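Visitor: Dumping the structure here so I can ask a few things about it.
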Amino acid sequence: MRQVTRAIVLWCPDWPVIATRQRLELPAEVPLALVEKGMVFACSAEARADGVKRGLRVREAQSRCPQLEIVPYDQVLDARAFEPVLTAIEEITPGVQAVRPGTCVLRARGPARYYGGEEAAAAELLRRLEELEGAAGLTLGDVRAGIADGPFAAEQAARSTGADRVRIVPPGGSPAFLAPLPAAQLGLVELTPLLRRLGLRTLGDLARLDRVDVRERFGERGEHAHDLASGMDGAAVVPRVPPKVLDRAIEFEPPLDRVDQVTFAFRATAEQFVAGLTKAGLVCTSLRIEVTDEGGRVSDRTWLHPRLFSASDVVDRVRWQLQGAGSIESGLASPISRVTVVPEAVDDIGHHEDGLWGGGADERIHHGLTRVQGMLGHDAVVTATIGGGRALSDRQVLVPWGDRPVGVARSDRPWPGSLPAPAPSTVFEVPRPVAVLAESGETVEVTDRGDLTAPIASFSPTGTPRDARPVDSWAGPWPVRERWWDATLARAMHRFQLVDADGTAWLLSLTGTAWFAEARYD
């Protein structure tokens, strides 16, 4: 007989929507949908009232609810917003396990014995979250609690609570409680349609089958689904290890209204931040800086580092974030009352130690570039990276030193119509006007059917016919048409490769009736 853990599940309905609405300060009455991979991941009650639901494509969701606010789903934001909830629960009872942002599970035995019963334990947990909501200004929504044999049954109990927000399934009653629930509650995308076609529409229908037969037919996933449907969820509740508090903050009273004052006062906090990481055997490669003004408004930004942050690096990021395009002596639009630095990504300190013979050259380069950044600003030193795109100029991306490309097209994606290797060695920042002529001296063009009006006979790199030189060979046209749905960004052209009489190869493009040189093969 498989051992089943008595579990308490706390569930915050629509948690991704709540976290996003609170972070972006969106009005509660605005219908909201979170989108991932072009489909609705979660939506608010206002959006569901107009027919929006999870799994819809964005355009269909907008057709059902024209006033729908579309926001990309941010998994990091979702988990970060749920962290205070887990911390609040751990203050009154240890052993909480995060199932996903918005849902957590605990063993029922400990809280039930301490508070005098399962119902009292659930009531105390809900009361603690209500206190958190009032004290921290958080919005948790209508939190529900479910208690049953096994985490799966307890979560289904939490999702089926009534007005009292707590549902307790008696010990041994999980199979009967789960039996009428639809098989889709298993959350197995691949298996649910097959079960429906076989007539197994409820969990009870699946539980009545022989466990061995289910395993032989559906494999291990089917056997696991049978265990869940039968109320024999053997998943153990594994308490999380509370993360170490590595972030640091400083408050200013009275608030400071100059960049140099804030950065000077923050220096000691930056040293404490780096020292805390070192003591924990870690280094920070990505951090988030939150700046709060005297009106309570918070602005934050995530900063990356090519190696690891030192105390002076942290101070520089605070200064750059505060001054923007101004100078170190410039005033601020609103006085600053608090600055917080939070490590977003950490690594073991042993991975960043110098080798046996040191790492001199790289260290000197990094020190020099960082020094220039400190004097001229974060965007004053940039490095070239390769992005995605069909045009060569689109693939040239300049990124501030220490950052990673964000919001640019990826080079590893397929780009139909892009130029095959090898790439030209000289790419013109602005395409140069040129002339491509036929034997008669007329400009060569491409018809609507993709045919040339005449064979290419000569080429002028300056755009004037008197500088025309004979052409040895050429290839094309290769039509490129992109973003045809956007009138402002639409682009249509024909590409050619051409070798002139001097043996120089060129990459040309024809847009309408105008010829341009994109690059040269040196």
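Visitor: Scan segment 36-46 and tell me whether some residue there is among the aromatic types (Phe, Trp, Tyr) and either surrounded by 14 or more Cβ atoms within 10 Å (Cβ to Cβ) or at pLDDT below 90 (or both). I'd like the intermediate steps shown before the answer.
Guide: Pass one, segment 36-46, residues among the aromatic types (Phe, Trp, Tyr): 41.
Filter once more, so that each one left must be either surrounded by 14 or more Cβ atoms within 10 Å (Cβ to Cβ) or at pLDDT below 90 (or both): 41.
Looking through segment 36-46, at least one residue is among the aromatic types (Phe, Trp, Tyr) and either surrounded by 14 or more Cβ atoms within 10 Å (Cβ to Cβ) or at pLDDT below 90 (or both).
Visitor: Somewhere in segment 196-213, is a residue more than 20 Å from Ala98 (Cα to Cα) and within 31 Å of the chain's Cα centre (by Cα)? Spell out how you get there, then give the answer.
Guide: Keep residues of segment 196-213 that are more than 20 Å from Ala98 (Cα to Cα), which gives 196-213.
Remaining after also requiring within 31 Å of the chain's Cα centre (by Cα): none.
No.
Visitor: Right, something else. In the set Val318, Val342, Val382, Val372, which member is at pLDDT 85 or above and more than 20 Å from Leu256 (Cβ to Cβ)? Even if it seems obvious, please write down each step before you answer.
Guide: Numbers: Val318 fails: more than 20 Å from Leu256 (Cβ to Cβ); Val382 fails: at pLDDT 85 or above; Val372 fails: at pLDDT 85 or above.
None of the other options fit; the residue is Val342.
Visitor: Looking at Leu308 and the list (1) under 23 Å from the mean Cα position of the chain (by Cα); (2) modelled with pLDDT of 85 or more, which single condition is not satisfied?
Guide: It fails just one condition, (2).
Visitor: For the structure I just gave you, tell me whether Ala112 is over 30 Å from Pro171 (Cα atoms), touching a helix residue (DSSP H, G or I) at 6+ places or on another chain (Cβ under 9 Å) and part of a helix (DSSP H, G or I). Outline the logic, then answer.
Guide: Details: over 30 Å from Pro171 (Cα atoms): no; touching a helix residue (DSSP H, G or I) at 6+ places or on another chain (Cβ under 9 Å): yes; part of a helix (DSSP H, G or I): yes.
So Ala112 fails the test.
Visitor: Just for segment 170-209: of the residues that are among the polar types (S, T, N, Q) and out of contact with any strand residue (DSSP E or B) (no Cβ under 7 Å at 6 or more places or on another chain), which one is farthest from Glu220 (Cα to Cα)?
Guide: Gln185
Visitor: Quick check: anything in segment 355-369 of a type outside the set (Asp, Glu), modelled with pLDDT under 75 and over 30 Å from Arg317 (Cα atoms)? Break it down stepwise before answering.
Guide: Quick first cut of segment 355-369, residues of a type outside the set (Asp, Glu) only: 355-361, 364-369.
Next cut, modelled with pLDDT under 75 only: 355-361, 364-369.
From the residues that got through so far, the ones that are over 30 Å from Arg317 (Cα atoms) too are 356-357.
Yes, some residue in segment 355-369 is of a type outside the set (Asp, Glu), modelled with pLDDT under 75 and over 30 Å from Arg317 (Cα atoms).
Visitor: Can I ask one more? Just name the residue that is modelled with the lowest pLDDT out of those in segment 90-104 that are within 15 Å of Leu129 (Cα to Cα) and of a type in the set (S, T, N, Q).
Guide: By that ranking, first place goes to Thr93.
Visitor: Could you go through segment 498-509 and let me know if any residue there is under 17 Å from Asp448 (Cβ atoms) and under 41 Å from the mean Cα position of the chain (by Cα). Steps first, answer last, please.
Guide: First pass over segment 498-509, keeping only residues under 17 Å from Asp448 (Cβ atoms): none.
So far as segment 498-509 goes, no, none of its residues is under 17 Å from Asp448 (Cβ atoms) and under 41 Å from the mean Cα position of the chain (by Cα).
Visitor: When you check Phe177 against the structure, is it assigned by TED's automatic domain parsing to the domain that holds Glu25, within 15 Å of Ala7 (Cβ to Cβ) and either touching a Pro at 6+ places or on another chain (Cβ under 8 Å) or of a type in the set (Phe, Trp, Tyr) (or both), yes or no? Break it down stepwise before answering.
Guide: Details: assigned by TED's automatic domain parsing to the domain that holds Glu25: yes; within 15 Å of Ala7 (Cβ to Cβ): yes; either touching a Pro at 6+ places or on another chain (Cβ under 8 Å) or of a type in the set (Phe, Trp, Tyr) (or both): yes.
For Phe177, the condition - assigned by TED's automatic domain parsing to the domain that holds Glu25, within 15 Å of Ala7 (Cβ to Cβ) and either touching a Pro at 6+ places or on another chain (Cβ under 8 Å) or of a type in the set (Phe, Trp, Tyr) (or both) - is met.
Visitor: For segment 15-35, enumerate the residues that are outside any helix (DSSP H, G or I) and at pLDDT 90 or above. Quick ask: steps written out before the conclusion?
Guide: If we filter segment 15-35 for residues that are outside any helix (DSSP H, G or I), which is where we start, we get 25-35.
Correct list: Pro31, Leu32, Ala33, Leu34, Val35.
Visitor: Among residues belonging to segment 418-466 that are among the acidic types (Asp, Glu) and touching a residue at least 12 places away in the same chain (Cβ under 8 Å), point out the one that is farthest from Ala384 (Cα to Cα).
Guide: So the first thing to find is which residues in segment 418-466 are among the acidic types (Asp, Glu), and the list is 429, 439, 442, 445, 448, 451.
So of that shortlist, the ones also touching a residue at least 12 places away in the same chain (Cβ under 8 Å) come out as 429, 439, 442, 445.
Working: Glu429: 14, Glu439: 42, Glu442: 40, Glu445: 35 Å.
Top of the filtered list is Glu439.
Visitor: Okay, next question. Which residues, taken from segment 381-391, are farther than 14 Å from Arg491 by Cα and of a type in the set (A, V, I, L, M, F, W, C)?
Guide: Of all residues in segment 381-391, those farther than 14 Å from Arg491 by Cα come to 381-388.
Of everything in segment 381-391, those that are farther than 14 Å from Arg491 by Cα and of a type in the set (A, V, I, L, M, F, W, C) turn out to be Val381, Val382, Ala384, Ile386.
Visitor: Filter segment 286-305 down to residues that are touching a residue at least 60 places away in the same chain (Cβ under 8 Å) and more than 18 Å from Arg267 (Cα to Cα) and give me whichever is nearest to the chain's Cα centre (by Cα).
Guide: Taking segment 286-305 and keeping what is touching a residue at least 60 places away in the same chain (Cβ under 8 Å), we get 303-305.
Now narrow it down to the ones that are more than 18 Å from Arg267 (Cα to Cα): 304-305.
Details: Leu304: 15, His305: 18 Å.
Of everything passing the filter in segment 286-305, Leu304 is nearest to the chain's Cα centre (by Cα).
Residue-by-condition table, conditions (1) part of a helix (DSSP H, G or I); (2) not small (Gly, Ala, Ser):
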position	(1), (2)
Leu129	yes, yes
Leu132	yes, yes
Asp142	no, yes
Ile147	no, yes
Phe152	yes, yes
Ala157	yes, no
Thr161	no, yes
Arg167	no, yes
Gly172	no, no
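Visitor: Report whether or not Ala122 is in the same structural domain as Arg6 (by TED's automatic domain parsing), touching a Leu at 6+ places or on another chain (Cβ under 6 Å), small (Gly, Ala, Ser) and buried (at least 20 other Cβ atoms within 10 Å of the Cβ).
Guide: Numbers: in the same structural domain as Arg6 (by TED's automatic domain parsing): yes; touching a Leu at 6+ places or on another chain (Cβ under 6 Å): no; small (Gly, Ala, Ser): yes; buried (at least 20 other Cβ atoms within 10 Å of the Cβ): yes.
Considered against the rule, which asks whether it is in the same structural domain as Arg6 (by TED's automatic domain parsing), touching a Leu at 6+ places or on another chain (Cβ under 6 Å), small (Gly, Ala, Ser) and buried (at least 20 other Cβ atoms within 10 Å of the Cβ), Ala122 comes out as no.
Visitor: Within the bounds of segment 258-269, is there any residue that is among the small types (Gly, Ala, Ser) and outside any helix (DSSP H, G or I)? Walk me through how you get there before you give the answer.
Guide: First, the residues of segment 258-269 that are among the small types (Gly, Ala, Ser): 265, 268.
After this cut, where a residue has to be outside any helix (DSSP H, G or I) as well, the list is none.
Checking segment 258-269: not a single residue is among the small types (Gly, Ala, Ser) and outside any helix (DSSP H, G or I).
Visitor: Quick one: in segment 156-194, of everything that is of a type in the set (A, V, I, L, M) and touching a Phe, Trp or Tyr at 6+ places or on another chain (Cβ under 9 Å), which residue is nearest to Gly231 (Cα to Cα)?
Guide: Of segment 156-194, the ones of a type in the set (A, V, I, L, M) are 157-158, 163, 166, 168-169, 176, 178-179, 181, 183-184, 186, 188-189, 191, 194.
Next, only the ones that are touching a Phe, Trp or Tyr at 6+ places or on another chain (Cβ under 9 Å) stay: 157-158, 169, 178, 186, 191, 194.
Numbers: Ala157: 12, Ala158: 15, Val169: 11, Leu178: 7, Leu186: 12, Leu191: 18, Leu194: 21 Å.
The qualifying residue nearest to Gly231 (Cα to Cα) is Leu178.
Visitor: Any residue at all in segment 387-397 that's surrounded by 15 or more Cβ atoms within 10 Å (Cβ to Cβ), among the β-branched types (Val, Ile, Thr) and assigned to a strand (DSSP E or B)?
Guide: Checking segment 387-397: at least one residue is surrounded by 15 or more Cβ atoms within 10 Å (Cβ to Cβ), among the β-branched types (Val, Ile, Thr) and assigned to a strand (DSSP E or B).
Visitor: Let me ask something else about it. Would you mind finding the one in Arg113, Arg57 that is in contact with a Gly (Cβ under 8 Å, 6 or more places away or on another chain) and free of Cβ contacts under 8 Å to residues at least 24 places away in the same chain?
Guide: Details: Arg113 fails: in contact with a Gly (Cβ under 8 Å, 6 or more places away or on another chain).
Unique residue meeting the criteria: Arg57.
The values are calculated or read from the model by the stated rules, or taken from the named source; none is laboratory data. Bear in mind that the values here come from a model prediction, so they are computed numbers and not experimental data. A quick note on method: Cβ atoms are made from the backbone with ideal geometry, for glycine too, and the neighbour counts reach across all protein chains shown.
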